Amino acid sequence: MDPQEWADFTVALWAVRAAGGYDALTQIHNQWAVDGRIHNNNFFAAWHRGFTAALEHQLRRYVPKCAIPYWAWAVDSQSLRSSVVLSARYYGSVVSNGRSISCPTDGAFVSWPIRPSGSSSSRCLRRQYSQSQGVAPTEEINRILNIGSWTSFAPALEMAHNFLHVAVGGDMTSFESPHDPTFWAHHGFIDYLWYLWQKKNSETMTNVLYSNNNSQAPRTLDTVMQPTSWGLTIRDTLDVENLCFTYADPIIRKDFIDGLNLRKRSVDPSIVLDPQLEAGVSIAAEDGGKDVYVEDVPDKDEAELPKADNYQDLTGLRSLSYLPDAFLKMRRISKAKATKYTDDLNSLIRTVNLIPGYISPSSLWYREELFAEAISEHDHFYINIGSKRLVINVNKNLSGYDAVKDIKAKCHAALKVNHISAPSHSYHDQLKETIGEPTNFCRLVDPFQPNPADYDKTD
Ligand SMILES: [Cu+2]
């Protein structure tokens, strides 16, 4: 999405809002959510697809080709607050840096007024960008896309989606979450994942939808969903083109990703670090200093799953916290199911972290902006490789991106980073065992690092 398209999108959004359509949609979400009819059930994906299309249709009254951008937040999972999506360039940043709820101070929605239902006055948009909640990394998204049955895929997709609501926080945790424009970018991504899954699986849904505890939920594909005035059945939503949008032309949605600089991030699943490390070995730097050395991971459990506020570990994925009780209660999500999902996800993360030489596309290694910011706060950074870790001292004569470059160069030299065309076997097999067929992993990476050929098209 180029700056003009982003500007058009926000202009259209403000126009829909001025006409009353935006708040009306938020209230529709609230109305049907309160009764527990659109979440935690078998047509969550279908309803929200129709819902995002409803906004998109309104946007097109003002900007004919307007499309809702999606936010592939899995790549930002290790630090939401450093996501360019949540920056001045797009949806806005918050000054609290994840510590408390505050209002965006920059971006397109600083003066976006929120009027919660039942309230007579407006206030600013509230967000947190929680440092402690955590959201699913790319590996979990890939695992979900590899699930073969609808009855297992759908609840996993919805569960992963819940964490983002809580992590963005503030208005996004309530049933009036569409108040926050990030809602649409988030649901655009969720819908895209369903779309990808549909392309792979012929059993998109069956007439017998997976069972759920909600007696209000439609039982068949031909049940008209609420609000019935839309006249949309689940079957109507199965094909996105029915709803006048598509993901088929990668330009429409992928160029947004390009606009986010994600292409620059060189998500390269073929980077393999040399795992032949021995503790106690130090790698002499050119100046003779002990700039890089190898040590045993002191507290293995902790090192395997870095805490959410640990910005020193450049390659380890962070653990996720359990979803708050209040959120589960409001959405009528079974606590046992949510707990099991979180535990399973953390164990997947632990496994991923222990694959020797594997660097997740989500890891801080690729987040140079955050890494540059954290550099002044630390004397050294780590790269974990199984039970060993590489410690890299920060050259205090350098700052920001220069220091980042220096650290990366030292790592490359020390670990003899190989850019090889095919991943090594053990690594390939381990990934396959952990997150499914690695070709799908590559397919997932693909949207973040699109084929340059896609960019030759205009439009
Ligand atoms: Cu919802």
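Looking at (1) more than 14 Å from the ligand (Cβ to nearest atom); (2) closer than 19 Å to residue 122 by Cα; (3) of a type in the set (A, V, I, L, M, F, W, C), can you tell me which one residue 197 breaks?
(2)
Go through the stretch 137-156 and count every residue that is more than 18 Å from residue 360 (Cα to Cα) and assigned to a helix (DSSP H, G or I). Explain how you work it out, then say what you get.
Let us first name the residues in the stretch 137-156 that are more than 18 Å from residue 360 (Cα to Cα), namely 147-156.
Then keep just the ones that are assigned to a helix (DSSP H, G or I); that gives 150-156.
Result for the stretch 137-156: 7.
State the number of residues belonging to the stretch 334-354 that are crowded, with 20+ Cβ neighbours inside 10 Å and part of a loop (DSSP other than H, G, I, E, B).
0
Here is a list of conditions, (1) in contact with a Lys or Arg (Cβ under 7 Å, 6 or more places away or on another chain); (2) within 19 Å of residue 243 (Cβ to Cβ), and residue 45 meets all of them except one; can you say which number that is?
The one condition residue 45 does not meet is (1).
For the stretch 72-121, give me the residue count where each residue is β-branched (Val, Ile, Thr), over 28 Å from residue 33 (Cα atoms) and either touching a strand residue (DSSP E or B) at 6+ places or on another chain (Cβ under 8 Å) or modelled with pLDDT of 90 or more (or both).
Quick first cut of the stretch 72-121, residues β-branched (Val, Ile, Thr) only: 75, 84-85, 94-95, 101, 105, 110, 114.
Subsequent filtering for residues that are over 28 Å from residue 33 (Cα atoms) retains 75, 84, 95, 105.
Retained after the next criterion (residues that are either touching a strand residue (DSSP E or B) at 6+ places or on another chain (Cβ under 8 Å) or modelled with pLDDT of 90 or more (or both)): 95, 105.
Residues meeting the conditions: 2.
Would you mention how many residues in the stretch 226-242 are touching a Ser or Thr at 6+ places or on another chain (Cβ under 9 Å) and of a type in the set (S, T, N, Q)?
1
Being free of Cβ contacts under 8 Å to residues at least 40 places away in the same chain and closer than 22 Å to residue 113 by Cβ is the filter; apply it to the stretch 1-16 and report the residue that is farthest from the ligand (Cβ to nearest atom).
This residue is 7.
Give me the pairs, please: first residue somewhere in the stretch 34-54 and closer than 13 Å to residue 238 by Cα and within 11 Å of the ligand (Cβ to nearest atom), second residue anywhere and part of a loop (DSSP other than H, G, I, E, B) and of a type in the set (Lys, Arg), beta-carbon distance under 9 Å, and either six or more positions apart or on two chains.
Close Cβ pairs (under 9 Å, with a partner that is part of a loop (DSSP other than H, G, I, E, B) and of a type in the set (Lys, Arg)) amount to 47/37.
Considering only the stretch 20-30, state which residues are within 12 Å of the ligand (Cβ to nearest atom) and farther than 16 Å from residue 224 by Cβ.
Applying the first criterion (within 12 Å of the ligand (Cβ to nearest atom)) to the stretch 20-30 yields 25-26, 28-30.
Matches in the stretch 20-30: 25, 26, 29, 30.
Quick one: residue 180 ticks every box in (1) farther than 24 Å from residue 334 by Cβ; (2) more than 14 Å from the ligand (Cβ to nearest atom) bar one, so which box is it?
Failing condition for residue 180: (2).
Report yes if residue 92 is on the phi > 0 side of the Ramachandran plot and more than 16 Å from the ligand (Cβ to nearest atom), otherwise no. Reasoning before the result, please.
Details: on the phi > 0 side of the Ramachandran plot: yes; more than 16 Å from the ligand (Cβ to nearest atom): yes.
Yes: the conditions hold for residue 92.
If you take the residues of the stretch 55-64 that are crowded, with 18+ Cβ neighbours inside 10 Å and either within 16 Å of the ligand (Cβ to nearest atom) or not polar (S, T, N, Q) (or both), which of them is nearest to residue 178 (Cα to Cα)? If you could, list the steps in order and put the result at the bottom.
Taking the stretch 55-64 as the starting set, the residues that turn out to be crowded, with 18+ Cβ neighbours inside 10 Å are 55-56, 58-59.
Those still in the list that are either within 16 Å of the ligand (Cβ to nearest atom) or not polar (S, T, N, Q) (or both) too: 55-56, 59.
Numbers: 55: 10, 56: 13, 59: 15 Å.
By that ranking, first place goes to 55.
The values are calculated or read from the model by the stated rules, or taken from the named source; none is laboratory data. Source: prediction; values computed, not measured. Reconstructed Cβ throughout: ideal geometry from the backbone, glycine too, with neighbour counts over all protein chains shown.
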